[in-house]
Structure formats: C-alpha cells, structure tokens
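Got a structure for you, written out below as structure tokens; questions coming shortly.
The values are calculated or read from the model by the stated rules, or taken from the named source; none is laboratory data. Only a predicted model underlies this, so the values are computations on that prediction, with no experimental measurement involved. Note: ideal-geometry Cβ built from the backbone for every residue, glycine included; neighbour counts use all protein chains shown. These area figures cover heavy atoms from the full protein model, side chains too; ligands, DNA and RNA do not enter into them. Shrake-Rupley method; radii C 1.70, N 1.55, O 1.52, S 1.80 Å.
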Amino acid sequence: MRNLTSTFSPHLWGVLACLLTTLLTQPLLGRVDLANIVMLFLLTVVIIAVKLGRKPAITASFVSTALFDFFFVPPRFSFNVNDVEYFITFAAMLVVALIISHLTTGLRQSALEAGQREQQTRALYTLAQSLAGAVTVEQVVLETQHFLRETLQHELRVLLPSSQDVLLPLAGTTTHLNAAESLMVHSVFAQPQTVEMGSDNPPTLIVPLVGVTRPRGVILVSAPVLQRPLVVAVASLMATALDRLHFVDVAQQQKMQIVTERLRSSILAALSHDIRTPLTVLYGLADTLALPQHDLPEPLRETASALREQAMRLNNLVNNLLDMARLHSGLVQLRKEWQPIEEVIGASLKLSGAVLQAHSLKVQLADNLPLLEFDAVLLERVFCNLLENAAKYAPPNSGIVLRVEQDWRVARISLCNAGTGFPPDKLQQVFEPFERGCSEQDGVGMGLAICRAVVEAHGGEITAHNPETGGACVTFTLPLGTPPVIDPEEVA
Amino acid sequence: MNTVLLVEDEKEIRRFVRLALQGEGCQVSEAETMTQGLQEAANLKPQLIILDLGLPDGNGVDFVQRLRSWSQVPVLVVSARSTEYDKILVLDAGADDYLTKPFSVGELLARVRALLRRSRADNELNTPVVKFGTIEVDLARRLVSKAQQSVHLTAMEFKLLSVLLTNAGRVLTHRHLLREVWGGAHSEHNHYLRIYVAHLRQKLEDDPTQPVYFQTEIGVGYRFQPQMGQVGFSQDMSA
C-alpha cells in the first residue's frame, strides 16, 4: 500500500501543481495574452521535472495542456476549440513541455549520479588511506570488509595463498564456498580474470588480487546489485596493499639476513685467527726443535716431528671445518675466472707434496684442453682433499692417476688410486659430511663433502666408483662453457 | 751479518722465528706494534722485515704503505688470514712475499734466503744475463736458451718473462703483472696472463704441470722462484 502511494504520489503532486497554476492564473485571463499563460504552464512543468523527475513531468505536460484548453481557450469550460489555430498552440505546448521535462530530468539524473560518484570516490579514497596505513594482512582484509559492507552493502570473502600457493581463508577465520565457487576461485587465481557468477543468489563477483610480481589472492563479493567497477577498484587497492606488505616483509628479511651473515663471517674469521695462532706456535716450535743445529738425540727428534705432524693434522682439520662452515652458510662467493686447469693441478700437487711422497703420481691431461671457468682457490681445495684421500687409502708406493678428459659439454677430472676401494654400499654416502670410507683409518670425512659442495656450486657433478681393475676413483665434472677469445695478433 | 726486523704481536711466534733466523746467522730485532715497527725500521735499516698482518695498533697494509714511502727493504708478510683478498691487498701495497700460518721453519727460511739475496742484488750492479737450471736468458739481447738450445719467445712472452725474472722470489699479483706487461687497459683480461704463463711453462719448464720456476700462487698471482744454488744472479754479479 505504501509502495503504491510512493509510486503515485509524485504524479499527484504534479497534477496538483498544474491545478494550482490554473487557479493562480485565472485572474490574469483577459489582461494577459494567452501565449504568456502558456509560458507559466511550461514553467510549472520545468519545476515539476526538476523536483519530481521524468514521469510526473510527462503527466504534468499532458494535464497542463488539457487544463489550458479547458479553462483558458474559448469556449471556456469545454474541450471544444473555436479557432483551429489553437491546435498549433496545444501541439507546440505539449511538445515543448515533453522536451523540457526530458532534458531537465536528464540533467537532474547526471547531477545525482555525479553526487553518488563523488561519494563513492571519497569512500574509496578513505579506504585507500586506511589500507596504506595497514601493517598486517588481517587489517587489510578487515578494513576492506568494513568498507564494502558499510558503503556498498556488499559481502566480502577473501582467500589468500599460503607459502605453497594453496588458497586459504585468513588465518583464524573460515570461509564458506559452494562447489562452483571453489572451482572458479582456483581458475581465477591461476589465470587472473574477473568472473561473475550471476546464477548464484545473491550474485557473486570473483576478482583476482593482481600483485606486481604474482597474484596475491582472490576475493568473492556478493550483493543483490553488484557495483562491478567499484569492486574491481577495491580489489586493486587491496592488491596494492598486500604487495606493499609483502615487499616490506622481504626487505626486513633481507636486512636480517645481512646482519646474521656479517655476524657469522666475523665469528668465522675470529675463530680462524684464534685457532691458527696457537697452531702456528705449536707447529713452528716443534719444527725448530727438529732443526739439525739443535742436535737432539734421535728419540727426541722423532717426538718433535710427531708433534709437528699432529699440529699439521689439526690444522687441516680446522681448515676443513672452517671451509665447511663457510660453504654451508652460503658465505662463499665464487670468484670464477677463465683459466687452464693444469695451473690449479700444479699448485695442488705442490701443496700436497708431503702426503704424496710415498706414492707415484701420474698426471694424464688430454691434448688441447680449453680454458675452464672456475674459482681457483676452491678448486685447489678440491684437488688437495682428493689427493690427500687418495694417498691416505692407498698402499704405500702404489700409483695414483689424475686424469683430465673432455667430452662435448664437460671436462671430466678423475683421480684413482690402487687402494681397497670404497665400501660398495656407501658410494653415495661418502660425500656426506663426517662419513668415512673405511672406519679403521683416522680422519673425519669432511674432505669429500667439501669437494661436493664446491663442484656443485660450479654446476658440476661428483661421483665415486670402484673400477673393475681395482682401487677407487672419484670423478667430477666442470661445465665447458664458451671461453673468451684471445686476440690472435697478440698470440702471434 | 743480515739484520732482520720481526714485527709480530704474538710472543711465542716471535720466539721460534727468532730461533730459526739466528740459526741461519741473522741478527734479529723485534717489534710488537706497528708504530714500534716503523721506528725500528728507520733506526736499524734492516735487510728484511717479517710482518704480521694483524697488529694491535693497525693493519699490515698501512705498515707497508708507510714503509714504502721511504724504503724499498723487502717485506715478508706472515698472516693467519687465509683469504686471498688480504694477500692481494698487502702485495699490491708493496710487500714482496707472504706465508700463511701455520708455516714450517724450512719454508720460512727458504723465503728469507730468497728475499735477502734480492736485497743484496738490488745494491749491486745488475747483469743482463740470468741463469736458472739449464736455462739462460739474456735480457739485453733478448735471447733465451734451454740446455744450449735456443728457445723462441714472442714479444709478449719475453716481456712477461723479463718482468718475472727481474722480480725473482717476489709474488706478483695478477693485476700487477697485467699492468706491467699489457698496460692498464687489460686489467680485466686475466685469462691472457694465464695463457702466457702456460706458454712460458711449456717452453721452459721440464714438466709444465708441475712447474719448478714459474710457480702459481692460487688466487693471488705468480712467482719466479730460482732454485737454491742454481741462480745465476750472485755468480754473475760477483764475476
């Protein structure tokens, strides 16, 4: 009933206004030209159009034309017309009234819309402001939920990806999705594209939150009348806010990481210095005792050289431990340069001279080996560890063979001894830290673990095997790459 | 008698180094700090300085830089740091050689002898002819021979050889060698240097994979190491 009055009352008000105009203009009859009275009726229609809208204005156009005919055009109080000319007046009056009501209501409509838009823009701006200040994901979601509910009467559901890219509701909340929705949500997340589910009640809009680097989630907005452009705008605001939170997080993590790494590397440096200083003293003093000018009796000289050997072993152990700590903490930056592999082999053989004394070493290099790109310092550690291992597990005076070959994409370096070989069931484990080939020999097995870390950092592979002819082999590869060109004029 | 200045803050290390050097017939004077070390170096005019990199009142690199402003005395750096970057810094500042702790007495004495010989050679007349092993190099006439057989070197190879020979016993960093031989424009072409050193080894060494004279200091540079008693420097100079 109320609905009916609210629909019809503007029309009634319009008709009343026309009647009022008729009443007020009655005294003017005979004193003013009828054309001017027409103007007053048109004015009434304009006012009705502005105040009440298009439909009452159309009604008023017809009513005022009829009233003008009835009350003003002779013969009065009848719809009859004496002068045919008045039909032109009626026609013009009706047409002008209709056009005016149409134009005026158009203006009114756009003014209303502009007002609405301004309101929405202001609301969006407020939302943007509060999202910019949000410091947690929860805050972003709650602010947006509040905005959509209060300003647009839309209901919001949010799904955010976990670290494994699985879409989940905000922690601590539950989100109900029907079967079609949960299907759509995943395709929207995989291929960011807005989808409208019109058949749902109420209709639902599924909008991806598109971040700069990756999708940040999916929102579902439901309302009887969906304001799609506004919802899309809200989604992009949310995505920006989530992006910002993500990058703040990343920056903080990086800062933390830098601080920890700096700490770790200074601890390692201090440790290395503090351990090596007493070792140097121990080693040097034992060495001095054994000098010929001291002329020690033989048993004491042997003691001195045993001391010296043990100090050296301790030093190697410390070196390996520190290397392992550096490699594992990711502190090592490869300083790769193009260089011949012979050079690092030569330097390693010189360094390992003492451990190789009891063995005959053969180096077999393929002809015309290209330059390889590697970190010479780290590769020297690999060679020294391999040589030391090969010597340790081989019978005295046996041969050790170091071979470098090349196939079409890698250089293959293998070191074989004539020992008892690796335990067949442990060919993989020997590269694990603290694993040893043969338990009765001494030494903590860190050497091969370091070798693997270095080789893998260079993009190569390292394997152990026991050849059928006996002994043990460790083989590793280095990628060939494209060596830099040497200017031929300078070579000539 | 040679005077050696030992700048090292660790008392026990000073003790065994002093013992070793005295056994070698050197007079040893000691300093614990950088300031004291620089003063002693000015007062004593030693023939050799053995320097620890980590001194309580300053960095060994500063020491070498300040020393080099008025003295060319050979400096042997002894360092517990094993990172190649530190070694390169101090060598580029003007140090002659380095030893990483821990080191054997034999190694120390070999380096000391080589540097002392260098120190003497600097004070005497230079000769254009250098002999090591079976190799004879005439720097003036640009002639190289191995076991009486003439060896052909390209212009660049000869230039590299002469820089290495005139700095016998010193560790020359990659950057230093590139600058001396190729000029500043090639400071990024480390692989040039490596290929030319490989050429020299192929032409002059008996076993290029286990070089005796042209030694690699991995990650740092190269050193020309004339073998003990085989060096032509002193013989020729006294002649």
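Any idea which residue in segment A:72-107 is nearest to the chain's Cα centre (by Cα), counting only those that are crowded, with 16+ Cβ neighbours inside 10 Å and within 22 Å of A:G30 (Cβ to Cβ)?
Applying the filter and picking the extreme gives A:M93.
Name every residue in segment A:454-486 that is within 14 Å of chain B (Cβ to nearest Cβ), within 18 Å of A:A376 (Cα to Cα) and either touching a Phe, Trp or Tyr at 6+ places or on another chain (Cβ under 7 Å) or part of a strand (DSSP E or B) (or both), in order of residue number.
Scanning segment A:454-486 gives A:P483, A:P484.
Only one of (1) crowded, with 18+ Cβ neighbours inside 10 Å; (2) touching a residue at least 60 places away in the same chain (Cβ under 8 Å) is not met by B:G60, so which one is it?
Of (1) crowded, with 18+ Cβ neighbours inside 10 Å; (2) touching a residue at least 60 places away in the same chain (Cβ under 8 Å), only one is false for B:G60: (2).
Where in segment B:42-128 are the helices (runs of 4 or more DSSP H), entirely inside, with at least 3 residues that are away from chain A (no Cβ under 14 Å) and in contact with a Pro (Cβ under 8 Å, 6 or more places away or on another chain)? Lay out the reasoning, then the answer.
On the way: elements: B:60-68, B:84-93, B:105-123.
Passing ranges, in order: B:105-123.
Using the structure shown, decide if A:L365 is within 12 Å of chain B (Cβ to nearest Cβ) and within 29 Å of B:I195 (Cβ to Cβ).
yes
Continuing with this model, one more query. In segment B:146-178, how many residues are surrounded by 14 or more Cβ atoms within 10 Å (Cβ to Cβ), outside any helix (DSSP H, G or I) and more than 14 Å from every other protein chain (Cβ to nearest Cβ)?
The number of residues fulfilling the criteria is 7.
Ok, one more. Any residue in segment A:298-310 that is under 50 Å from the mean Cα position of the chain (by Cα), open to solvent by less than 40 Å² (accessible area, probe 1.4 Å) and at negative phi?
Within segment A:298-310, not a single residue is under 50 Å from the mean Cα position of the chain (by Cα), open to solvent by less than 40 Å² (accessible area, probe 1.4 Å) and at negative phi.
Looking at segment B:179-220, which of its residues are open to solvent by less than 20 Å² (accessible area, probe 1.4 Å), touching a residue at least 40 places away in the same chain (Cβ under 8 Å) and among the aliphatic types (A, V, I, L, M)?
Scanning segment B:179-220 gives B:L200, B:L204, B:I218, B:V220.
Still on this structure, I have one more. With respect to the numbered conditions (1) within 14 Å of chain A (Cβ to nearest Cβ); (2) surrounded by 21 or more Cβ atoms within 10 Å (Cβ to Cβ), which one is the sole condition not fulfilled by B:L19?
The number of the failed condition is (2).
All but one of (1) within 26 Å of A:L271 (Cα to Cα); (2) in contact with a strand residue (DSSP E or B) (Cβ under 6 Å, 6 or more places away or on another chain); (3) open to solvent by 10 Å² or more (accessible area, probe 1.4 Å); (4) not basic (K, R) hold for B:E32; state the number of the condition that does not hold.
(2)
Among what's in segment A:311-327 and is closer than 20 Å to A:K392 by Cα and open to solvent by 50 Å² or more (accessible area, probe 1.4 Å), pick the residue that is nearest to the other protein chains (Cβ to nearest Cβ).
The extreme case among them is A:M312.
Taking into account only those residues within segment A:125-140 that are touching a helix residue (DSSP H, G or I) at 6+ places or on another chain (Cβ under 9 Å) and free of Cβ contacts under 8 Å to residues at least 40 places away in the same chain, which is surrounded by the most Cβ atoms within 10 Å (Cβ to Cβ)?
A:S130
Return a yes/no flag: does segment A:389-403 have any residue that is within 30 Å of B:E188 (Cα to Cα), assigned to a helix (DSSP H, G or I) and away from every other protein chain (no Cβ under 14 Å).
no
Inspect all residues belonging to segment A:248-270 and state whether any of them is closer than 30 Å to A:Q120 by Cβ and free of Cβ contacts under 8 Å to residues at least 24 places away in the same chain. Steps first, answer last, please.
Just the residues of segment A:248-270 that are closer than 30 Å to A:Q120 by Cβ, to begin with: A:248.
If we keep only those that are free of Cβ contacts under 8 Å to residues at least 24 places away in the same chain too, we end up with A:248.
Checked segment A:248-270: at least one residue is closer than 30 Å to A:Q120 by Cβ and free of Cβ contacts under 8 Å to residues at least 24 places away in the same chain.
If you don't mind, another one. In segment B:21-33, what count of residues is obtained for those that are within 15 Å of B:L76 (Cα to Cα) and assigned to a helix (DSSP H, G or I)?
1
I'd like the full set of residues that are touching a residue at least 40 places away in the same chain (Cβ under 8 Å) and more than 12 Å from A:L43 (Cβ to Cβ), limited to segment A:12-30.
A:W13, A:G14, A:V15, A:L19, A:T22, A:Q26, A:L29
Let's see how each residue does on (1) at pLDDT 90 or above; (2) within 30 Å of A:G198 (Cβ to Cβ); (3) open to solvent by less than 30 Å² (accessible area, probe 1.4 Å):
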{"site": "A:R228", "(1), (2), (3)": "no, yes, no"}
{"site": "A:V248", "(1), (2), (3)": "yes, no, no"}
{"site": "A:A251", "(1), (2), (3)": "yes, no, no"}
{"site": "A:K255", "(1), (2), (3)": "yes, no, no"}
{"site": "A:I258", "(1), (2), (3)": "no, no, no"}
{"site": "A:E261", "(1), (2), (3)": "no, no, no"}
{"site": "A:S265", "(1), (2), (3)": "no, no, no"}
{"site": "A:A270", "(1), (2), (3)": "no, no, no"}
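Here are some conditions: (1) modelled with pLDDT under 90; (2) within 12 Å of another protein chain (Cβ to nearest Cβ). A:G421 meets all but one. Which one does it not meet?
It is condition (2) that A:G421 fails.
Among the residues of segment A:279-293, how many are open to solvent by less than 80 Å² (accessible area, probe 1.4 Å) and at the interface with chain B (Cβ under 8 Å from one of its Cβ atoms)?
9
Do we have A:A239 as modelled with pLDDT of 90 or more and either under 26 Å from A:E118 (Cβ atoms) or in contact with a Pro (Cβ under 7 Å, 6 or more places away or on another chain) (or both) here?
Working: modelled with pLDDT of 90 or more: yes; either under 26 Å from A:E118 (Cβ atoms) or in contact with a Pro (Cβ under 7 Å, 6 or more places away or on another chain) (or both): yes.
Taking the combined requirement at face value, the residue satisfies it.
Still on this structure, please answer the following. So how many residues does segment A:243-278 have that are within 14 Å of chain B (Cβ to nearest Cβ) and polar (S, T, N, Q)?
Matching residues across segment A:243-278 total 4.
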